[in-house]
Amino acid sequence: MLSCPRCQATIEPTTIQCPRCRLTLKAHGHPGIPLHRTEGDEPLCATCLYDADDSCNFPQRPHAETCTLYRSVNAAAELTLPTLSPGRRVSFWLRNHRGLVGLAGLLLFSLLLVLVR
Ligand code: SF4
Ligand SMILES: [Zn+2]
C-alpha cells in the first residue's frame, strides 16, 4: 500500500487520482504511466539524468515539478556501479573470453614444450 504524497491517504499503486484530495498520481489517466513529483522546493530536473546529460527537450525543463520521464541520477549511478567482487569479475571475464584463454594456454604449453626439450 502507498500513501498520497499530499494528504497521506492510503492509495493503491495503480490509483490515478487521490480519492481524498484529488491529486493526480498518474499521467494521462493511465495507471501504467507514473507521474513523478518533486518533494520540497527543488525541481525534478535538478536530479534528473536527462538534465545531467542534456538530452531532455521538454518545455518544462529545468523547472519541472511533475514529469513522466524523470529518472534519478542517483538511481542510474547505482545501476552502473560495479557491484561484483574482483574475483567474480575475473571469473566472468574468463568465461566471456574462453577462446582467448584457450589460445593463451596453447601458446604457454608450446612454449613449455620448447623449453623442456
Ligand atoms: S525528463 Fe522531466 S525531470 Fe528530467 S530534465 Fe526533462 S523535464 Fe526535467
Ligand atoms: Zn491525497
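Nothing in this text is a laboratory measurement; each read-out follows from the coordinates by a stated rule. Computed from a predicted model, the values in this text were never measured in an experiment. Using ideal geometry, Cβ is built from the backbone for each residue, glycine included, and neighbour counts are taken over all protein chains shown.
Per-structure values
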| read-out | value |
| --- | --- |
| Chain lengthening between L2 and L115 when straightened (0.36 nm per residue, less Cα-Cα) | 33.6 nm |
| Charge dipole of the chain about the Cα centre (unit charges at C-beta), most positive-ward option of W93, Q60, H28 | W93 |
| Low-density loop cleavage sites - GluC sites (Glu not before Pro) in the stretch 32-96, where at most 10 other Cβ are within 10 Å (DSSP) | E39 |
| Spin-label proximity, R37 to the stretch 1-22 - amide N less than 16 Å from point 7 Å beyond Cα toward beta carbon | 2-22 |
| Per-selection Rg to Rh, the chain - Cα, Kirkwood hydrodynamic radius | 1.37 |
| Sequence-separation-based contact order of the stretch 44-90, relative, with Cα cut under 8 Å and 6+ spacing, percent | 43 |
